[in-house]
Amino acid sequence: MSNTFNQEIPKYFQPSLKFNVENVTIPFLSFEYPKHLKNSRSFYLWVMSILPDEKTGCWHWMGYTDKDGYGKFHYRDNGSKIDWRAHRYGYEILRESIPSGLVTDHLCRQRDCVNPWHLEVVKPIVNYRRGNGPRGIAAKINREKTHCPRGHAYEGWNLIVFNSGSRACRKCMYRRIKEHKVKQQVVAQNV
């Protein structure tokens with residue numbers, strides 16, 4: 001299995017033709033069934049909704065997807081319905097829990113991929129900046145700009161970087177402040 005993300009996938013999670021666990025054949029994963037999942041119906045249902053791509057190493061979600069293209073997964077536990085995003089479920093079951101306030105970023109850029117080794121837990125702003133969505137593309141375009149719309153270079157003393165990561169041109173900011181003060185003086189004189 002090709003692994004283009006410089007993470008070593010444990011051998012027991014690599015795809016094969018089939019494996020058999022207590023007379024149940026799952027045609028995708030070949031590994032010793034994790035003990036904590038031995039009687040897990042939810043894990044079985046999750047695995048049965050995966051289609052592996054040996055070329056990319058992605059595990060494509062074949063179940064329901066939301067409007068954004070992410071796999072959705074739900075099951076009943078003691079009568080109550082539990083909803084998950086399929087990639088987050090796989091990450092938490094097969095790797096580790098995701099700390100509060102963090103999100104998973106698809107390193108493969110495939111939203112329907114549920115391979116936990118194609119995911120990285122990051123802050124939302126990092127995921128946002130890496131993304132291919134409209135906001136991510138806009139952020140990338142703005143990061144690549146070297147000059148403001150008026151032609152001033154984004155460098156040295158002229159560059160202002162805010163806590164959010166956005167940038168501003170100091171010369172243009174001073175010009176806007178000066179124009180605002182002039183407008184305030186005109187309004188004050190007309191009153």
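Couple of notes before you dig in:
- Residue selected from the stretch 56-73 under the condition aromatic (Phe, Trp, Tyr) and within 19 Å of residue 107 (Cα to Cα), by the criterion surrounded by the fewest Cβ atoms within 10 Å (Cβ to Cβ): 70
- Yes/no for residue 142 being touching a residue at least 40 places away in the same chain (Cβ under 8 Å) and either under 30 Å from residue 73 (Cβ atoms) or in contact with a strand residue (DSSP E or B) (Cβ under 8 Å, 6 or more places away or on another chain) (or both): no
- Residue within the stretch 119-135 that is among the acidic types (Asp, Glu) and either in contact with a Gly (Cβ under 9 Å, 6 or more places away or on another chain) or exposed (fewer than 11 other Cβ atoms within 10 Å of the Cβ) (or both) present: no
Since every read-out is calculated from the coordinates, none of them should be taken as a lab result. This is a predicted model, so every value here is computed, not measured. Quick reminder, even Gly has a Cβ in these numbers, built from the backbone with ideal geometry, and neighbours come from all protein chains shown.
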